[in-house]
1. Using modelled backbone amide H atoms (1.01 Å from N, in-plane), which distant-in-sequence or interchain residues come within less than 5 Å of Ile52's amide H?
2. Across the range 147-242, what fraction of all alpha-carbon pairs, as a whole percent, falls in each successive 5 Å bin from zero upward?
3. Most exposed first by the Cβ proxy, i.e. fewest other Cβ within 10 Å, how do Val166, Val158 rank?
4. Search the structure for amide H atoms under 5 Å from the amide H of Phe138, placed 1.01 Å from N in the peptide plane, and list their residues when 5 or more places away or on another chain.
5. Could you check the spin-label model distance between Glu80 and Gln142? Points 7 Å from the Cα along Cα→Cβ, value in nm.
6. Quick one: what are the phi-derived ³J(HN,Hα) couplings along the range 67-74, Karplus 6.51/-1.76/1.60 with θ = phi - 60°, whole Hz, x for glycine and proline?
7. Rounded, prolate or oblate for the chain? Axes are the square roots of the Cα gyration tensor eigenvalues, ordered a ≥ b ≥ c, and the cut-off for rounded is a/c under 1.5.
8. With each pseudo-label sitting 7 Å past Cα toward Cβ, what's the His128-Leu159 distance in nm, one decimal?
Amino acid sequence: MRTFALGAVIVMVFVALFGAGTAAAQDDMCYQKGGTFDAEQQRCVINTGIIIDIKYPLEAVQYPFVEQTVDEFLNGIRAEYVNSFANMDTTVWSPGPWGLNIDYEVFQFSPDVLSIKFNIGDYTGGAHGNLFFRTYTFDLTQERVLTLTDLFQPGADVLGTIAPIVQQSLATQLGDMADTQWIQDGTSTLDDYASFAVTPDAQVFYFPPYQVAAYAVGPQTVSIPLADLSGVLGPMFGAVQG
């Protein structure tokens with residue numbers, strides 16, 4: 001009886017491992033063809049196409065120049081994405097349909113200043129999708145998009161002011177996952193701070209995956225209280241806090 005039982009266990013384990021190995025091989029082969037293996041149907045299913053899901057900030061419609069800026073951005077990124085799909089290499093399929101998903105957040109610093117942050121997720125094949133940001137801070141009175149330096153006094157050392165604060169904050173919030181060189185490389189120029197918004201009490205910076213840490217860590221956000229920057233902010237922002 002013991003011999004029979006042992007033999008049965010060995011056979012069962014062998015079958016399970018063999019089955020798992022076969023399934024893994026099928027998944028891999030199907031993935032290489034741009035599909036997913038349907039175990040129930042025992043078929044490699046290639047499901048391709050494009051899915052676009054865009055949330056539109058209706059707050060923009062109140063201000064024609066804001067609406068125009070938002071429309072140009074959303075129409076442009078949508079057209080670029082569709083064009084990329086139409087011209088993709090059809091010999092290399094992605095496992096599943098392409099996808100573009102855009103959501104947003106709106107921040108009203110004051111009646112004259114409005115920030116819109118777009119969260120953009122896209123998938124064009126591979127192990128995972130991508131995430132990045134596009135932000136706009138509008139001067140509603142002058143009808144213009146503000147750059148980061150526009151928020152500060154003329155001649156202020158913007159990078160020298162915000163970089164140490166951001167780098168220290170990132171190191172703290174990332175903890176054991178922090179890589180000093182990675183953080184330094186992703187925060188060393190003004191271009192690295194292109195994604196920002198102004199809330200009623202803070203200047204907020206957004207960093208997509210890979211900019212300051214590994215993809216697995218996810219996107220990072222750093223908020224600097226406006227009160228901490230009051231000595232270098234321009235009149236539009238410093239006066240409100242002062």
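Any read-out appearing in this document is the output of simple, stated calculations on the displayed coordinates, not a laboratory observation. Just so it is clear, the model here is predicted, and its values are computed rather than measured. Cβ: placed from backbone, ideal geometry, glycine included. Neighbour counts: every protein chain shown.
1. The list, which skips near neighbours in sequence, is Leu100.
2. Whole-percent P(r) values from 0 Å outward: 2, 14, 26, 24, 16, 11, 5, 2, 0.
3. The most exposed by this proxy come first: Val158, Val166.
4. For Phe138, the qualifying residues are Leu114, Ser115, Ile116, Leu146.
5. Label-label distance for Glu80 and Gln142, simple model: 2.6 nm.
6. 4, 5, 4, 5, 4, 4, 5, 5
7. prolate
8. If labels sit at His128 and Leu159, their model points lie 3.0 nm apart.
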